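Read-outs: derived from the displayed coordinates by stated rules, not from any lab. Keep in mind that this is a model prediction, so the values were computed, not measured. Positions of Cβ are backbone-derived with ideal geometry, glycine not excepted, and every protein chain shown enters the neighbour counts.
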Amino acid sequence: MKKDIHPTYFPAANVVCSCGNTFQVGATKADLKVEICSNCHPFYTGEEKLLDTAGRVEKFKSRRAQAAAPKPKKVRAKKSQS
């Protein structure tokens, strides 16, 4: 390996989340500050919220319900022979 081109590796770098959670990881910086972690991320906490812009969620749900509903069969009227 070439010398003096690789960054310094910190095996116990401190990570601080905006929610107050702290933990250690290996990184090239001694201290890391993050906005979201596994303790406060909605996917991991089960508190996932949908952002609804212009009713897109309701529109999707209604289309999905229509696709799942059985469609009525059309009955053809027989032509009378005259």
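Below is a table of values for the structure above.
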| read-out | value |
| --- | --- |
| Under Karplus coefficients 6.51, -1.76 and 1.60, residue-wise ³J(HN,Hα) of segment 58-73 in Hz, glycine/proline x | 5, 4, 5, 5, 5, 5, 5, 5, 5, 6, 7, 6, x, 8, x, 7 |
| Relative contact order computed over the chain (Cα-Cα under 8 Å; 6+ residues apart), in percent | 18 percent |
| Within a Gaussian network of the chain (alpha carbon springs, distance under 10 Å), most fluctuating of PHE60, PHE43, PHE23 | PHE60 |
| The chain - charge dipole about Cα centre, Lys and Arg +1 at Cβ, Asp and Glu -1, debye rounded to 20 | 1460 debye |
| Residues with amide H under 5 Å from that of PHE23, placed H, sequence gap 5 or more | VAL15 |
| Nonlocal amide H pairs with PHE10, under 5 Å, H built at 1.01 Å | ALA27, THR28, LYS29 |
| Projected label distance in nm at ALA65 and ALA27, using a 7 Å step from Cα toward the beta-carbon | 4.6 nm |
| Within the chain, helix-based [θ] at 222 nm, where runs of 4 or more DSSP H residues each add -39,500 (n - 2.57), nearest 500 | -5500 deg cm²/dmol |
| Residue-span extension gain [TYR44 to TYR9] - 0.36 nm each, minus C-alpha spacing | 9.7 nm |
| For the chain: lysine pairs under 30 Å (alpha-carbon distance), excluding those fewer than 8 apart on one chain | 13 |
| Inter-label distance, nm, simple model (7 Å from Cα along the C-beta direction), ARG56/LYS78 | 5.2 nm |
